[in-house]
Amino acid sequence: MEGNNHLIIFKTSTINRKFISFFSFICICFFAIGSDLFGQAMDTIPTGVRLATFDIDATPPVGSLLTYNKEINTWDLGLRAKGAILLGSGEPIVLCSVDWIGIANEGQDIFRQALADAAGTIPSRVALHTVHQHDAPTCDFGAEKMLRDAGRDPMCFEGTFAREMVIRLKAAVKQSLEHTQPVTHIGLGEADVYKVASNRRIIGNDGLLKATRYSSCKDSALIAEPEGLIDPMVSLVSFWNNDKPIAVLSYYATHPQSYYRTGVANPDYPGVARFMRQLAVPSALHIHFNGAGGNITAGKYNDGSPEMRGILADRLADGMKRAWEATKREPITAEEIAWKVEPLALPSLPNQAEMQTWMATKDSIFLSNNLSKLVYLRRSQAGKQLDVRCLRLGRGRILFAPGELFVEYQLAAKAIRPDLFIAMAAYGDYAPGYICTAVAYKEGGYESGVASGVTADAEAVVMTAIRKLLRSY
């Protein structure tokens, strides 16, 4: 019996060894096949610097409230929300420009969070700006809540359409990531724009504001005043897949109004110029950002007649065309791309009690222009800060800033690093309104009055952040 038992054990062991050997062989085969398939899959995952673009309609339905008027119609060109997502250098970077007058406070929070979620990044790597056209919506969910809590009509801050925009933007960003393209080069170019921008602030011999030359002007004496301090350059930053342009980002500092308060939603002359360049270079999505144009308008060259919209658009498009022709392409790698953020503890005006009375004493136009400043004051008192962001692209630097910055900030940024290509977008978080130079608060005028939600000390804060960003790399 013992011998038979040994035989049984031997046979069983032999069977087990054969089974184990067969099983091991199968595992090795599957591992080899799986490794090959995994390697093939890895080969199909995009690597290196890549770009996705998105473009959606941002025009509210007829009957909605624009910033100043009820929308009675739409124009041939509607409002757009356009953007690009840069991938391959850390977490994705999202750059978005919307044809609205402004997006402020909680509006910025919600839009940027949605864009970040869709792109797989964080809100601090999202730049959300507006072009600041006036026949367009505004968004501030904090102002909407404040008015509702006070039993008031939320007016232009009513956020139904804005919330729909958030959902559609999020979907557009997700879809765009399915169609990324390699970025092998960037292009940097600039050119003068003739007879569009002029400084709106006319200073007298006493050093005080003598007159304001608004977006349109028919006063021959004001028209005859010098063009004043401006940045005449339109700057173009383009992304390329070898010889194919993928996206063109343009930056130009001026208020974008030819004529407005028509009740007809339209992107005004920067939108027309952008469309003209889109037709000229159709393979690339054209995205326009408003620069530091808080004290800049077309007033010297614009009498407010409807015909001037096309003329101003032609002039801006001409500058864009020459900047495109002057563009120099340069290879770009992930190591040459960086994103940095500097917080801004802007000194906000302390007159909350006076500002609180606005809701009971001021009309809808005043509240449309200024209520966000009260919301911003409360947010800043709660510890929330704005920021300035900087995108490094090789020898290019793009600054993204809040509010209606005066052009002096843009010119100062270029002077800090004359060895680099510098572009600037303002009109990020619209909450603080005008961010003037320190001297402007002494000169007086509309911009440095109730239209500004910060004090003269803001200049030092903003310039410290800009210097730190531009000197950091």
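Taken together, the values in this text are just the output of simple stated rules run on the coordinates, not laboratory data. Keep in mind it's a predicted model, so treat the numbers as computed, not measured. We place every Cβ from the backbone using ideal geometry, glycine too, and count neighbours over all the protein chains shown.
Sorted from fewest to most neighbouring beta carbons within 10 Å, what does the list TYR260, TYR251 look like?
Listed from fewest to most nearby Cβ atoms, that is TYR260, TYR251.
Taking neighbour counts of Cβ atoms within 10 Å as a proxy for exposure, in what order, fewest first, do PHE161, PHE400 appear?
Ranked by crowding around the Cβ, least crowded first: PHE161, PHE400.
Would you please put 416-424, 113-121 in order of how densely packed they are, using the mean number of other Cβ atoms within 10 angstrom per residue and starting with the highest?
Details: 416-424: 18.3, 113-121: 20.1.
Top to bottom by mean Cβ count within 10 Å: 113-121, 416-424.
With a 10 Å radius around each residue's Cβ, average the other Cβ atoms per peptide and rank 214-224, 237-247, highest first. Let's see the in-between values first.
Details: 214-224: 14.4, 237-247: 19.0.
Descending packing order for the listed peptides: 237-247, 214-224.
For segment 176-236 and segment 294-330, write down the distance between their C-alpha centroids in whole Å.
9
So if I place +1 on the C-beta of Lys and Arg and -1 on the C-beta of Asp and Glu, and nothing else carries charge, what would the dipole magnitude of the chain be about its Cα centre? I want it in debye, nearest 20.
800
Between ASP387 and HIS179, what is the label-point separation in nm under the 7 Å Cα-to-beta-carbon projection?
Distance between the two pseudo-spin positions: 3.1 nm.
Could you list ASP55, ASP231, ASP149 in order of exposure, starting from the residue whose Cβ has the fewest other Cβ atoms within 10 Å?
Least to most surrounded, the residues fall as ASP149, ASP55, ASP231.
Distance in nm between label sites at ILE223 and ILE365, each 7 Å beyond Cα in the beta-carbon direction?
2.3
With a point put 7 Å past each Cα toward its Cβ, work out how far ASP314 is from LEU208 in nm, to one decimal.
About 4.3 nm, to one decimal.
Determine the distance separating the Cα centre of segment 136-151 from the Cα centre of segment 343-380; give it in Å without decimals.
The distance from the Cα centre of segment 136-151 to that of segment 343-380 comes to 12 Å.
Give LYS70/LYS442; LYS300/LYS468; LYS300/LYS362; LYS362/LYS442 a once-over and call out the pairs whose C-alpha atoms are over 28 Å from each other. Spell out each step's value before the answer.
Numbers: LYS70/LYS442 37 Å; LYS300/LYS468 35 Å; LYS300/LYS362 31 Å; LYS362/LYS442 26 Å.
Check vs 28 Å cut-off fails for LYS70/LYS442; LYS300/LYS468; LYS300/LYS362.
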